[in-house]
Amino acid sequence: MDDEFAKLVRRVNQPRVVIDNNACEDATVIQVDSVNRHGILLEVVQVLTDMNLTITKAYISSDGGWFMDVFNVVDNDGNKIRDKEVMDYIQSRIETSAGFVPSRRGSVGVMPAEEHTSIELAGTDRPGLLSEVCAVLADLHCNVVNAEIWTHNARAAAVVHVTDDSISCAISDPKRLSMIKELLCNVLKGSDDLKTAKTTLSAPGVMHRERRLHQLMFADRDYERVEKAGVRAVEEGSSRPQVTLLNIEKDYTVVTMRSKDRPKLLFDIVCTLTDMQYVVFHGMVNTGRIEAYQEFYIRHVDGLPISSEAERVRVIQCLEAAIERRGSEGLELELCTDDRLGLLSDITRIFRENSLCIRRALISTKGGKAKDTFYVTDVTGNPVDPKIIDSIRAQIGHTALQVKCNSSLAPKLPHQETTMGHFFGNLFKARTFQNFKLIRSYS
């Protein structure tokens, strides 16, 4: 009865989305008002990031039964959203997503995918791993139509969509699927890793790919630090995110995060909090030219703030991991060429033979063309020798493989202490800082 009543309330109180280009000088302002429920913040942020919009500021409030959020967004070029069709599409997507009543918990962020087979991989990262995976798929006449690969803290995860090369459709033969899974498992267990590959047939209602990657990494406990010779020094030299937790008496846990800004940062953080069963009641996001500052007032879904030391440490580690997974440093290479069976296997083999390590990759195909992005370093995590890149481009083709950006040369964040209440200092005027208890800070 409670579930039916909740559905009735949402049908009566349909979401309201207002898109305003006059309220802010340098961004389009999107205001969302809706009946509140767990996961709605993630759904709205997911819509905006899937549209390749950059969230420059955000104000979040969902105390009580109502969800009222404001997002300042710009396009990839830093401009306001002017196209009427795009604005209408954003409004329609958010209203549909915010008004959707899920039948099962955990169905937030669904994406239909009926024409390919989805393969999920998770295991210990090592040089040449992606090359070996791609070689197996090519030998089995599986054409990679799109994929995303993340590595973090000596772990690797991938969601790969493949088709049968002969019919360009999903693979349905159980024996062939079993063989694919077995061979990929053997690749992942190439060292001393006991992790296994997971192979599933895609169907309507497949979870959002990037959210699934977060879940795979989280399940593989990539948030636990691993000391590796020659790699730890590189990480220490980078700008690590600063995550701080504070309790306000028995009301909320305040999470403040300061890190280098990048696309989809808010999605990654909200995704992790949602999957860890935390609810954001209030929050603010502010981004600058280099850094992003985020402050959230959270509780667990059971209504309680963070209480134990183990939970505090775990939340900090998991948020650090969420920020770092997609923030792979390295040289960005973009491949644009005609697609064919075995293309990805050939490209990754050339990378491996030249001692390149792929830290992150985004694979896509459309209309017979392949557009792939790779973030690479040498095997120790250091920048790649330009002469090696020139040699690789000569093998693949200078027009096909372009050097886009070297994130290792990005400016570092100046050291600065993060103070709770930077944005929400007046939110609880009746409380004083004597009421705040410092939980733990990682810098």
Output for Cβ contacts, cut-off 8 Å, separation at least six or different chains, first residue assigned by the TED database to the domain that holds Leu130 and open to solvent by 50 Å² or more (accessible area, probe 1.4 Å) in region 332-358, second assigned to a helix (DSSP H, G or I) and of a type in the set (Val, Ile, Thr), reads Ser355/Ile388
Reported set for region 66-90 where residues are open to solvent by 70 Å² or more (accessible area, probe 1.4 Å) and either part of a strand (DSSP E or B) or in contact with a His (Cβ under 7 Å, 6 or more places away or on another chain) (or both) is Trp66, Met68
Cβ pairs under 8 Å, 6+ apart or interchain, first in region 286-309 and assigned by the TED database to the domain that holds Thr274 and in contact (Cβ under 8 Å) with a residue 40 or more places away in the chain, second outside any strand (DSSP E or B) and hydroxyl-bearing (Ser, Thr, Tyr), ordered by first then second residue, are Tyr293/Thr418
Taking first residues from region 168-182 that are farther than 19 Å from Glu120 by Cβ and second residues anywhere that are open to solvent by 70 Å² or more (accessible area, probe 1.4 Å) and not polar (S, T, N, Q), the pairs with Cβ under 9 Å that are 6 or more apart or on different chains are Ser168/Glu115; Cys169/Glu115
Across region 359-380, the tally of residues that are aromatic (Phe, Trp, Tyr) and open to solvent by 10 Å² or more (accessible area, probe 1.4 Å) stands at 1
In the set Ile306, Ile323, the lone residue that is assigned to a helix (DSSP H, G or I), of a type outside the set (Gly, Ala, Ser) and touching a strand residue (DSSP E or B) at 6+ places or on another chain (Cβ under 8 Å) is Ile323
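The rows are residues; the columns are (1) modelled with pLDDT of 90 or more; (2) under 30 Å from Ile30 (Cα atoms); (3) of a type in the set (Val, Ile, Thr).
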site	(1), (2), (3)
Pro112	no, yes, no
Glu115	no, no, no
Leu137	yes, no, no
Asn143	yes, no, no
Asn153	yes, no, no
Cys169	no, no, no
Ser172	no, no, no
Lys181	no, no, no
Leu188	no, no, no
Could you please let me know if Lys57 is part of a strand (DSSP E or B) and at pLDDT 95 or above? yes
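The values are calculated or read from the model by the stated rules, or taken from the named source; none is laboratory data. All values reported here derive from a predicted model rather than from experimental measurement. Positions of Cβ are generated from backbone atoms using ideal geometry, with glycine treated the same way; all protein chains shown enter the neighbour counts. With ligands, DNA and RNA removed, areas are computed over all heavy atoms of the protein, side chains included. Shrake-Rupley method; radii C 1.70, N 1.55, O 1.52, S 1.80 Å.
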